[in-house]
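The structure appears below as structure tokens.
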């Protein structure tokens, strides 16, 4: 757990390196995530949940992606509003086992970047994939365009490494 806290601290430090993003340390009771979690096919990876419950941000760009905002507030209504904002996407993503948490910053910026809970690892982490939004909205089909990282922890390490080089 201590290593996760340190890893997240380094990750959060990356936010300002990639952009003029603002991040605030704002520990929030994890039980306030329950309204979101109850709608998902699986829990968030533990490291991402720890990020959500301990920090708040908006307009954060990391390497090739932009995290969905988690603005200040008593709960996670801002994050939920952004995550569930497009019901047509969510009606295909969630039953398919994909949980969106970011968008790409290059090209097709409406493509959801998701946790692939179909390939969840024993530690609760899972691969990070980019899906084709047009296939979802037009055809109702899930098409993985690319895998961005083997896990959220791996994505965090990639972001930290990109800043150091």
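Taken together, the values in this text are just the output of simple stated rules run on the coordinates, not laboratory data. What you are looking at is a predicted structure, and each value in this text was computed from that prediction instead of being measured. Positions of Cβ are generated from backbone atoms using ideal geometry, with glycine treated the same way; all protein chains shown enter the neighbour counts.
Summary of computed values
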item	result
Mean Cα-pair separation over length for the chain, i.e. relative contact order, pairs under 8 Å, 6 or more apart, %	20 percent
Average Cα contact separation per residue, the stretch 27-104, under 8 Å, 6 or more apart, as relative contact order %	31 percent
With Cα atoms, 0 to 90° folded angle of helix 152-164 axis to the chain main axis	50 degrees
Additional length obtainable on full extension of the chain from residue 110 to residue 5, 0.36 nm per residue less Cα span	34.7 nm
Shape of the stretch 59-144, Cα gyration tensor, a/c cut at 1.5	rounded
Taking the stretch 66-116 and dividing mean pair separation by its residue count, relative contact order in percent (alpha carbons under 8 Å, at least six apart)	31 percent
Whole-number D in µm² s⁻¹ for the chain, Kirkwood Cα-pair radius fed into Stokes-Einstein, 37 °C, 0.692 mPa s	205 µm²/s
Taking 132, 111, 123 and counting other C-beta atoms within 10 Å, the order from fewest to most	123, 132, 111
Ranked 133, 50, criterion: other C-beta atoms within 10 Å, fewest first	50, 133
Cα long-axis angle, helix 2-18 against the chain (0 to 90 degrees, to the nearest 10)	80 degrees
Segment residue 154-residue 84, extension gain: residue separation times 0.36 nm, minus the distance between their alpha carbons	22.7 nm
Fewest-first ranking of 22, 66, using other Cβ atoms within 10 Å as the exposure measure	22, 66
